[in-house]
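Participant: Quick one: the structure is below, questions incoming.
Since every read-out is calculated from the coordinates, none of them should be taken as a lab result. Everything quoted here is computed from the prediction, not taken from an experiment. Cβ atoms come from the backbone with ideal geometry, glycine included; neighbour counts cover every protein chain shown.
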Amino acid sequence: MRAQTFTSSHSQDDLVEFYRTAWDKEVVVNRLGPAQVIGHRDGDYYITVQVSSSGSGSKGNIGIVDVADAPKHFVPGKGLPAPAGSKVFNDIAYPDDSVPARTVAMRNSLSPAQNTAYFREHLVADGWKVDDAGTCGAANCVMRYERGDSKLTLLVMRESASQSQVLINVLQP
């Protein structure tokens with residue numbers, strides 16, 4: 001990944017329109033708080049420009065990622081257990097970190113205790129060993145597992161009366 005920043009005397013909306021025109025309207029624009037993020041694929045690269053207001057103009061952050069090796073049919077959560085009815089809403093890999101990592105987030109209608117039991121059973125069956133008995137209460141639970149040099153942290157939190165959120169972080173040196 002490459003990243004650059006810039007400032008401009010043009011407004012945020014002017015810059016978004018500039019990129020829409022420059023990339024022949026083959027863009028995706030999303031709001032991120034007060035900023036707008038413009039995305040565009042150019043061959044083997046995906047370019048994002050995050051533009052926000054700054055004084056009488058704007059500032060921007062440009063990110064360029066090589067996506068040539070990205071899976072063609074990405075399935076969020078693939079390779080990790082998930083209880084029936086779970087909805088994976090985030091799956092981010094950090095391959096460039098000193099220790100490559102992946103964070104997966106999902107929601108489901110199970111209680112924290114039910115989620116903890118489900119993941120304990122499935123992770124142990126997949127060769128993970130409980131590294132730490134964890135800290136569990138009625139509303140949340142944190143457990144740690146290891147498999148060889150890999151480490152996995154499981155966090156389960158009650159989100160509402162009928163829903164829990166599960167976060168899984170895997171470190172794979």
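Participant: Would you kindly state how much longer the chain becomes between ALA3 and VAL124 on full extension, computed as 0.36 nm times their sequence separation minus their alpha carbon distance, in nm to one decimal?
Facilitator: Gain on extension, ALA3 to VAL124, equals 39.6 nm.
Participant: So, in the chain, how many Lys pairs have Cα atoms under 23 Å apart, if the pair is 8 or more places apart or on different chains?
Facilitator: Taking the Cα cut-off of 23 Å, the pair count is 7.
Participant: Also, quick follow-up: Return the ratio Rg/(2.2 N^0.38 Å) for the range 86-141, where Rg is computed over Cα atoms only.
Facilitator: Details: Rg = 13.4 Å, N = 56, 2.2 N^0.38 = 10.2 Å.
With N residues counted in the range 86-141, Rg over 2.2 N^0.38 Å equals 1.31.
Participant: Find how much the distance from TYR45 to PHE18 grows on full extension, using 0.36 nm per residue of separation minus their present alpha carbon separation; answer in nm with one decimal.
Facilitator: 7.8 nm
Participant: Can I ask one more? Mind checking the alpha-carbon convex hull of the chain and giving the volume per residue in Å³?
Facilitator: 163
Participant: Further question on the same structure: Determine Rg/Rh for the range 1-98; Rg is computed over alpha-carbon atoms and Rh is the Kirkwood hydrodynamic estimate from the same atoms.
Facilitator: 1.06
Participant: Follow-up. Between LYS25 and LYS87, how high is the FRET efficiency from 1/(1 + (r/R0)^6) when r is the Cβ-Cβ distance and R₀ = 30 Å? Nearest 0.05.
Facilitator: With a Förster radius of 30 Å, E is 0.45.
Participant: Continuing with this model, one more query. Calculate I(q)/I(0) for the range 10-62 by the Debye formula, one identical point scatterer on each C-alpha and no solvent, and give its log10 at q = 0.30, 0.32 Å⁻¹ to two decimals.
Facilitator: -1.23, -1.33
Participant: If you don't mind, there's one more thing I want to ask. What percent do you get for the relative contact order of the range 1-127 when only Cα pairs under 8 Å and 6+ apart count?
Facilitator: 19
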